[in-house]
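Only one structure is covered here, and it is reproduced in the block below.
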Amino acid sequence: MDFDELAKVGSMMGSGGMIVMDEDDCMVDVARYFLTFLTEESCGKCIPCREGIRQMLTILNRICEGEGKEGDIVMLEELSEVVQDASLCALGTTAPNPVLSTIRYFKDEYEAHIRESRCPAGVCKALVSYYINPEQCQACQICLRECPVGAIMGGKNIVHVIDQDKCTKCGTCLDVCPIRFAAVEKLSGRPVPAAPPQGTKVRRVKKAQQ
Amino acid sequence: MTKNLSNVNQIIAKYQGDQSALIQMLLEIQRENRWLPKPVLARLSQKLGIPISQIYHIATFYKAFSLIPQGRHTVSVCLGTACHVRGAPRLLDRVTDTLKLNPGETSVDYKFTLKTVNCLGCCALGPVMVVDGEYYGKPSAKEIEKVIANCD
Amino acid sequence: MRLKSPADLQEKRQQIISLRDSSRHCVTICSGTACHAYASEKTALAFVEEIKSSGLKDNVDIRRTGCHGFCERGPIVVIFPEEICYLGVKPEDVSEIVSTTLMGKGLVDRLLYKDSNGEKVVHEGDIPFYKNQTRIVFGNNRLIDPKNIDDYIALGGYDALTKALFEMSPDDVMEMVKRANLRGRGGGGFPAGMKWETTRNAPGKTKYVIVNADEGDPGAYMDRSLLEGNPHSVLEGLIIGAYAIGSHKGYVYVRQEYPLAIENLSIALNQAGEYGLLGKNILGSRFNFDVTVHRGAGAFVSGESSALMNAIEGKVGEPRPKYTRTAVSGIGDKPSNLNNVETWANVPLIISRGADWFASIGTEGSKGTKIFSPDRWTVGRVHT
Amino acid sequence: MKKLQKVTLTINDREVTAKEGMTILEAARDAGIYIPTLCYHEKLAPYGACRICTVELSRNGRSRLVTSCVYTVENGLIVKTESPKVIKVRKLLLELMLASSPAKAIQDLARQYGIEKRRFEADKTNCILCGLCVRYCSEIKQANAIGFVGRGTERRVVFHPEIASTVCASCRECFSLCPTGKLPSETDGVCFDDLTLDDFLKTQQSPA
C-alpha cells in the first residue's frame with residue numbers, strides 16, 4: 001500500500017483515512033454518501049462540478065430509492081468522465097472516484113438495486129422491509145414497546161405483526177428482539193409474506209429446541 | 001444592537017484593520033454574538049473598505065457563519081465516513097425527530113440549532129452527537145431525549 | 001528565557017533533563033480528541049485528587065499528552081518508567097491503579113490489553129496495534145505534553161533546526177529533502193523537495209511557507225492528532241523548510257472545527273517565540289521567521305491550495321482558475337510553498353537522521369511512513 | 001518593459017504565432033479559429049467557470065484538457081479545439097446548463113453541437129452563474145452592486161439594494177453581457193424578481 005499502488009486500483013492515498021467495510025455496508029449508499037458530501041462542499045463556481053455532481057447524486061438517490069433505471073450506470077460513467085476532465089480543481093476531478101471504483105468492483109450491487117429493487121447489504125431503507133417470522137415470535141412484546149411509531153401489533157401470547165405502512169424502517173425492532181428468538185428479519189428484494197391472521201397464538205418453542 | 005457595533009470596532013482594531021483578516025474577524029464576531037447582524041457587516045465593509053458583496057459572499061459561503069441568531073445550544077451530529085457506516089443517518093433521524101429541526105435550522109425560540117459536521121476525530125465512538133462541546137457516542141433514543149431535556 | 005545560540009539550547013536541554021528523574025513515576029493520560037470525548041479529563045482530575053490524597057504528590061508526575069493512536073480503547077493511561085498501559089480507564093478505576101501500581105508494584109489486570117487468546121499485554125509497545133508500526137512521526141506523542149515546549153526539547157527537539165541553520169546551507173537542506181524523496185502527505189504525493197525548489201527559484205524576494213491543516217475529508221483525523229499532540233515537530237519542520245526556501249513568513253491554516261489543535265499550536269508558537277526559536281534572529285543565526293495562524297471557517301474546498309491562499313488573503317476560499325502553480329504565484333501572487341501537516345513533521349527527522357535513513361523506510365516509490373486513521377476492524381471488503 | 005517574445009504553437013494542425021503571455025483563446029481568435037465561450041470577456045480577468053472553451057493539449061505524447069481562456073501559450077504546444085474528447089465535454093456541459101437555463105443562447109450552442117435529448121432536470125434559475133455581471137460591476141465599474149451568495153448548488157447572484165438603488169438606474173451596462181438574458185428580462189433594474197438578498201438569507205437557515 002503506497003501512493004502508486006493505490007493509484008493503480010483507481011483510488012488515491014489522500015490524507016490517509018481508511019475505512020474497513022463488510023457485507024453490511026451498501027456500496028451504492030457509500031458512493032451516494034460521498035457525492036452528498038461533495039455536493040455540499042463544492043464551491044459551485046464551475047459547471048462540470050456544480051451541475052455534474054448534482055446530477056450524479058440525483059441518479060444515485062433514485063437507485064437507492066428503488067427507482068433506478070437501465071442505463072443509469074452508463075449515465076453515471078458518462079457524467080464522471082466530464083466531471084473528471086473538465087472541473088477546475090481537484091475536488092471536481094477526484095469527486096467521481098468513489099462512484100467509478102464502486103461500479104468497477106461492486107457492479108453486482110448496483111444491478112441488484114436497479115433490476116431487483118434489492119439492497120444486498122440491507123441498508124437502503126426504501127428497499128428494505130422488516131418482518132416478524134410467526135414461527136419464531138414468542139410475544140415478549142419488547143419490540144412492540146420499543147417501536148418509536150407504534151407500528152407493531154400483538155399482545156400476550158399473540159404473534160406480533162409489523163404494519164408495513166406505519167413502519168419507518170428505523171430498525172429498532174431488529175436491534176431489541178432477543179437473540180434467542182431472532183424473530184425479526186430484514187428482507188430486501190422480495191415481497192413481505194402475508195401477515196398471519198389476527199390473534200394467532202404463539203408457537204411455544206421448547207427450551208431444549210432453542 | 002449598539003453592543004454589537006462597539007465590539008466590532010475592538011475586533012477591527014485588534015487586527016489593525018487588515019483586510020486579509022476579514023474571515024478571522026467574522027469568526028470572532030460569530031463566536032461572541034452567535035450570528036452576524038447586518039449592521040455589523042455594513043460597519044465592517046465601511047471600515048475595512050471591502051465591498052459589501054464580498055462580505056456577503058463570504059458570510060454565506062462558510063458553514064461557521066450564520067445570518068440569523070443561532071440557538072443557545074448547538075447540537076451537532078457527525079456525518080464523517082466512519083460515523084456514516086456506523087449508523088449516523090439513523091442517529092440523525094432520531095435527533096431530528098427529538099428536536100423537530102432539520103440540519104442547519106434553529107428552533108423558533110432560538111434555544112436549539114441542529115448542525116451536521118464531518119469527522120470530529122473520535123470515530124471509535126461513532127456515531128457521535130455533540131451537545132455544547134460534550135460528546136455522546138452511540139446514544140440511544142432515550143439518552144438523546146434525556147440530554148436534550150436537561151438543556152435549560 | 002531567550003536562547004541566543006545553539007549552546008544555549010544544549011544547556012537548556014541539560015537543565016530540563018537534570019530536573020527530571022527518569023526513575024520517578026509519571027502517569028501519562030492521553031488527552032487527544034478521541035480520549036477527550038471519552039472524558040479523559042475526568043480521569044486526569046481523578047488522578048490529581050487521588051495522588052494528592054495518598055501523599056504521593058512530590059514523587060509522582062502527571063502528564064496530559066496528545067493522541068497515542070489506539071483511540072478505540074480510550075481513555076489511555078501509560079505509567080512510566082515501566083510503560084504499563086491501561087486501557088479504558090474511568091475515574092472510578094483511578095484509586096485502584098494508584099494503590100496497586102503506584103504504591104504497590106502490582107498490576108490492575110482487568111485494565112490491561114488482552115490479545116486474541118486471552119494473553120495479557122503490559123507494555124504499550126507490545127500491544128499488537130502498535131507492535132508492527134514504525135511510528136517515527138507519531139511515536140513521540142505519548143512522551144510530550146503539547147502545552148510544554150520543554151518536553152519536546154528534552155527529546156532532542158530543535159536540534160534539527162540548529163543543524164540546518166548552523167551546519168547546512170539552504171541548498172544542503174533542499175538536497176537532503178529531495179534525496180529522501182519525501183512525498184506530500186496531503187493527498188497527491190507530489191515530491192516536497194521539488195515543490196520547495198520551484199518556490200525558491202520562482203522570481204520575487206518575498207516567499208511564503210504554509211501548513212495545510214484544513215483536513216476536511218470525512219473520516220480523516222491524523223493531522224489533528226499530530227498538530228494537537230506534537231505542534232513543535234510541525235513548527236520545527238516549517239522553520240527548516242522556510243530556511244531552505246528563503247522565506248521569512250509562514251501561515252498555519254487550521255480548520256476552526258479543531259479548537260484543541262488551535263489552542264496547543266498557539267501555545268507552542270508563543271513558547272517558541274519566548275525561547276528565541278521563532279521571530280527575529282533565531283538562536284543567533286540572523287535568520288528571521290514569523291508564523292500567523294489562520295482559522296478556516298467551514299469549507300472543505302478551502303483545503304485546495306489555491307483556494308486556501310485566497311482565504312488567507314481574506315477572500316472567498318474558492319480555487320483559482322490559473323494553471324500557474326501556487327509555488328510560483330500564491331498568496332498575493334507571491335511564491336508560496338504549501339505542504340500538509342504530516343509532510344512538515346517529517347522534515348526534522350530527515351535533517352537529524354539523514355536522507356538515507358528516511359529512504360530506507362517505506363516502499364520503492366513511497367518513502368517514509370504514512371499515518372492512517374483507520375476505523376472499524378471488522379475484516380471484510382476493503383473499499384479503496 | 002521587456003519586449004514580448006514571439007511564441008509559435010500549432011492549433012488544429014495550423015501553425016500560429018502569438019505573443020508571450022497571451023492565452024490560447026486569444027491566439028486562436030487572432031488566427032481566426034473559433035472557440036466557444038460563455039463566461040469570457042476580453043476586458044475581464046479569465047474566470048474559468050463555464051469550461052466551454054475547453055481544448056485538448058498534447059505534448060510529447062500525453063494529452064490533457066485545459067480551458068483555453070486561462071492557459072497561456074507555450075512554444076511547441078499542439079492544440080486541438082474540436083477533438084472528440086473536447087466535443088464530448090462541451091455537449092455534456094451544454095446539456096447540464098439547459099437543465100437550469102434553457103435560454104436562447106444556450107439552446108443555439110446546444111443545437112450547434114447536435115444536442116437533442118434533455119436528460120437532466122434542475123430548478124429553473126435561468127442563470128448559469130458565469131459571473132459576467134458580478135465581475136464587470138466589480139472590475140470595470142468598481143460599484144459592486146451585484147454579487148454571489150451561497151455555495152455549491154445553492155450559489156446565486158443577487159443585487160445589493162443599498163448600492164444597486166443608487167448606481168444601477170444610470171448604468172445597466174451588465175445587462176448586455178448576460179448570456180441567458182436573465183438580465184434584463186427578470187429585473188426592474190434594482191433586484192431580481194425571483195430572488196432578493198433577503199429572500200436568499202431566509203432560504204439559508206430559516207427557523208423551523
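The values are calculated or read from the model by the stated rules, or taken from the named source; none is laboratory data. Computed from a predicted model, the values in this text were never measured in an experiment. No Cβ is skipped: glycine too gets one built from the backbone with ideal geometry, and neighbour counts run over all protein chains shown.
Evaluating D:N60 against the criteria (1) surrounded by 17 or more Cβ atoms within 10 Å (Cβ to Cβ); (2) more than 23 Å from the chain's Cα centre (by Cα); (3) not small (G, A, S) leaves one unmet condition, (1). Taken together, the residues in region C:25-59 that are surrounded by 19 or more Cβ atoms within 10 Å (Cβ to Cβ), farther than 24 Å from B:L120 by Cα and out of contact with any Pro (no Cβ under 8 Å at 6 or more places or on another chain) amount to 4. Of the helices (runs of 4 or more DSSP H) entirely within region C:121-237, those holding at least 2 residues that are among the aliphatic types (A, V, I, L, M) occupy C:149-154, C:159-167, C:170-180, C:192-201, C:222-229.
Against the conditions (1) within 14 Å of chain D (Cβ to nearest Cβ); (2) under 25 Å from A:M13 (Cα atoms); (3) touching a helix residue (DSSP H, G or I) at 6+ places or on another chain (Cβ under 7 Å), C:F358 satisfies every one except (1).
Output the number of residues of region B:95-129 satisfying the condition of being under 30 Å from C:G74 (Cα atoms), among the basic types (K, R) and facing another protein chain (nearest Cβ under 8 Å). Residues meeting the conditions: 0.
Here's the yes/no breakdown for (1) more than 25 Å from C:G296 (Cβ to Cβ); (2) hydrophobic (A, V, I, L, M, F, W, C); (3) outside the structural domain of B:S45 (by TED's automatic domain parsing):
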| position | (1), (2), (3) |
| --- | --- |
| B:C83 | no, yes, yes |
| B:R90 | yes, no, yes |
| B:L114 | no, yes, yes |
| B:D132 | no, no, yes |
| B:K138 | yes, no, yes |
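Answer yes if at least one residue in region D:9-22 is in a strand (DSSP E or B), acidic (D, E) and over 21 Å from D:S138 (Cβ atoms), and no otherwise. Yes, there is a match, as at least one residue in region D:9-22 is in a strand (DSSP E or B), acidic (D, E) and over 21 Å from D:S138 (Cβ atoms).
For the condition closer than 20 Å to A:G66 by Cα, of a type outside the set (D, E) and surrounded by 18 or more Cβ atoms within 10 Å (Cβ to Cβ), A:C137 does not qualify.
Looking only at region D:145-185, residues that are farther than 29 Å from B:F65 by Cα, under 15 Å from the mean Cα position of the chain (by Cα) and not in a helix (DSSP H, G or I) come to 4 in all.
Does C:A261 qualify as being surrounded by 24 or more Cβ atoms within 10 Å (Cβ to Cβ), among the small types (G, A, S), within 16 Å of the chain's Cα centre (by Cα) and closer than 21 Å to C:G303 by Cα? Yes, satisfied.
With β-branched (V, I, T), buried (at least 18 other Cβ atoms within 10 Å of the Cβ) and within 14 Å of chain D (Cβ to nearest Cβ) as the only criterion, which of C:V291, C:V341, C:V301, C:V328 stands out? The conditions single out C:V301. Under the condition of being crowded, with 17+ Cβ neighbours inside 10 Å and in a loop (DSSP other than H, G, I, E, B), the residues counted in region C:264-283 number 4.
The C-beta contact set for region C:92-104 (first residue over 12 Å from C:L56 (Cα atoms) and not assigned by TED's automatic domain parsing to the domain that holds C:A46, second residue β-branched (V, I, T) and not in a helix (DSSP H, G or I), distance under 6 angstrom, 6+ apart or interchain) is empty. For region A:1-35, the candidate set comprises residues that are surrounded by fewer than 17 Cβ atoms within 10 Å (Cβ to Cβ) and without any contact (Cβ under 8 Å) to a residue 24 or more places away in the chain; within that set, the residue that is farthest from the other protein chains (Cβ to nearest Cβ) is A:K8.
From the list C:T369, C:T363, the lone residue that is within 13 Å of another protein chain (Cβ to nearest Cβ), surrounded by 19 or more Cβ atoms within 10 Å (Cβ to Cβ) and under 26 Å from A:V20 (Cβ atoms) is C:T369. The residue that is surrounded by the fewest Cβ atoms within 10 Å (Cβ to Cβ), counting only those in region C:105-115 that are among the charged types (D, E, K, R) and free of Cβ contacts under 8 Å to residues at least 12 places away in the same chain, is C:K105. When region C:85-104 is filtered for residues that are closer than 12 Å to C:F47 by Cβ and crowded, with 17+ Cβ neighbours inside 10 Å, the ones remaining, listed by number, are C:Y86, C:V89, C:P91, C:D93, C:V94, C:I97, C:V98, C:T101, C:L102. The residues on offer are B:S53, B:S76, B:S45, B:S66, and the sole one that is away from chain D (no Cβ under 14 Å) and of a type in the set (G, A, S) is B:S76.
Note on region C:66-83: among residues that are surrounded by fewer than 23 Cβ atoms within 10 Å (Cβ to Cβ) and either within 14 Å of chain B (Cβ to nearest Cβ) or over 23 Å from the mean Cα position of the chain (by Cα) (or both), the one that is modelled with the highest pLDDT is C:E82. For A:I152, the conditions (1) buried (at least 16 other Cβ atoms within 10 Å of the Cβ); (2) touching a residue at least 24 places away in the same chain (Cβ under 8 Å); (3) not assigned by TED's automatic domain parsing to the domain that holds A:K8 are fulfilled apart from (2). Whenever a residue of region B:87-113 is under 30 Å from A:L174 (Cβ atoms), its partners that are acidic (D, E) and at pLDDT below 95, lying with C-beta atoms within less than 6 angstrom and at least six residues away or across chains, give the pairs B:T98/B:E145. Kindly indicate whether any position in region C:298-319 is among the aromatic types (F, W, Y), at pLDDT below 95 and in contact with a helix residue (DSSP H, G or I) (Cβ under 9 Å, 6 or more places away or on another chain). Looking for residues that are among the aromatic types (F, W, Y), at pLDDT below 95 and in contact with a helix residue (DSSP H, G or I) (Cβ under 9 Å, 6 or more places away or on another chain), one finds at least one in region C:298-319, hence yes. Scanning region C:188-226 for residues being among the aliphatic types (A, V, I, L, M), over 14 Å from C:N339 (Cα atoms) and either crowded, with 22+ Cβ neighbours inside 10 Å or without any contact (Cβ under 8 Å) to a residue 12 or more places away in the chain (or both) gives a total of 3. If you go through region A:42-62 and pick out every residue that is at the interface with chain D (Cβ under 7 Å from one of its Cβ atoms) and either in contact with a strand residue (DSSP E or B) (Cβ under 8 Å, 6 or more places away or on another chain) or part of a helix (DSSP H, G or I) (or both), you end up with 7.
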